[in-house]
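Peer 1: Once you've had a glance at the structure underneath, I'll fire off some questions.
The values are calculated or read from the model by the stated rules, or taken from the named source; none is laboratory data. Since the structure is predicted, the reported quantities are computational estimates derived from the model, not experimental observations. Cβ placement follows ideal geometry from the backbone for every residue including glycine, while neighbour counts extend to all protein chains displayed.
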Amino acid sequence: TMEEISDEKEKMEAILINMADGVIALNDEGMVIHINPVARQMLSLDEDITGQNFSSELKRLLNIDMKQLLSNDYDNSETLIKTKDAILKSIYAPLKRENRIVGHILVFQDITKQHRLEAMRKEFVANVSHELRTPLTTIKSYTETLLDGALEEAELSRQFMDVINNEADRMTRLVNNLLELSRLDNRETRWDIRPMDPGDILKEVITKMNVNIKRKGQTLKVSVPEKSPEVFVDKDKIEQVFQNILSNAYKYTPEGGKIFVDLKHADKTVKITFKDTGIGIPKEDLPRIFERFYRVDKTRSREMGGTGLGLSIAHEIIQAHDGEINIDSEPGRGTCVTIRLPAISQELARAD
């Protein structure tokens, strides 16, 4: 009946309107008989083009001529389209009736996120390969030199063995960091969360680092209250974050420079700030600073034994604690790293 046909039409329109993919249906002459809102948004079409000829857009977007579509030789196809804001996958399928093409369906999928993830995966694999190949090349060349007769020279062979040992340690750090990131990604990390005073953890880290900082002639100014609001943390993991950030401040601040460590609490939040007068980070590098293997100065970072994963791990750990980590910096003036962790409410602390 006409009512049933009308109901089916309404159902079909509701499905097309609410689809996550963009859909355009054309008749055999290339006129648009249906376009859903998602397709209009993806292709940046401000107005409804139903009833208009789509031939020129087909040629522009997919490099397809309407005459090609009308030939029975042209079957299903997939094409990648780069728009100003996204990467789309276009899937074309002909509508056939009695072996004759009577219309055309175009489906558009936004694959920007998948494309970005794939690019990141490839970059990650390339970076891991490079980071492992560099120490392996050094180890191989130094070992070959030793086997070729350098072993007979005690002093030289000892120097070579030190280099080999350092490169092996660097590979171990890299593999351990990769394993830790993998556990964080897959939520396999075993957390030992307990209420703790973050000031106590911070003081322990400062005590460990203080000797190296003094040896470099740097001034360390610490402002940490005797008692701070407790936070729910995994002590070892938060200590690792503090150690990494303070170590970076020490590494990238020249001799005679200053490092400031500050802990404050307000609005149910504990704020820890690490500030230095070091070399700083260019503005264009800041948005990518927490990316894996991203380094502002690759050569310098490797020389200092960095794996390019420390800040990525710190970012993941702080996020797992429902906290925030932010970095502000200016070349030649220094860097400021701010960590915010939620404080335990007094009511909850009393209940415990």
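Peer 1: Can you name the condition, by its number, that T269 falls short on among (1) buried (at least 16 other Cβ atoms within 10 Å of the Cβ); (2) in contact with a Lys or Arg (Cβ under 6 Å, 6 or more places away or on another chain)?
Peer 2: Answer for T269: the failing condition is (1).
Peer 1: Of G257, G278, G323, which residue is assigned by TED's automatic domain parsing to the domain that holds I339, closer than 17 Å to P342 by Cβ, surrounded by 16 or more Cβ atoms within 10 Å (Cβ to Cβ) and at pLDDT 90 or above?
Peer 2: G323
Peer 1: If I ask for residues that are of a type outside the set (V, I, T), within 19 Å of T335 (Cα to Cα) and surrounded by fewer than 15 Cβ atoms within 10 Å (Cβ to Cβ), which ones from region 217-254 would you list?
Peer 2: G217, K221, S223, P254
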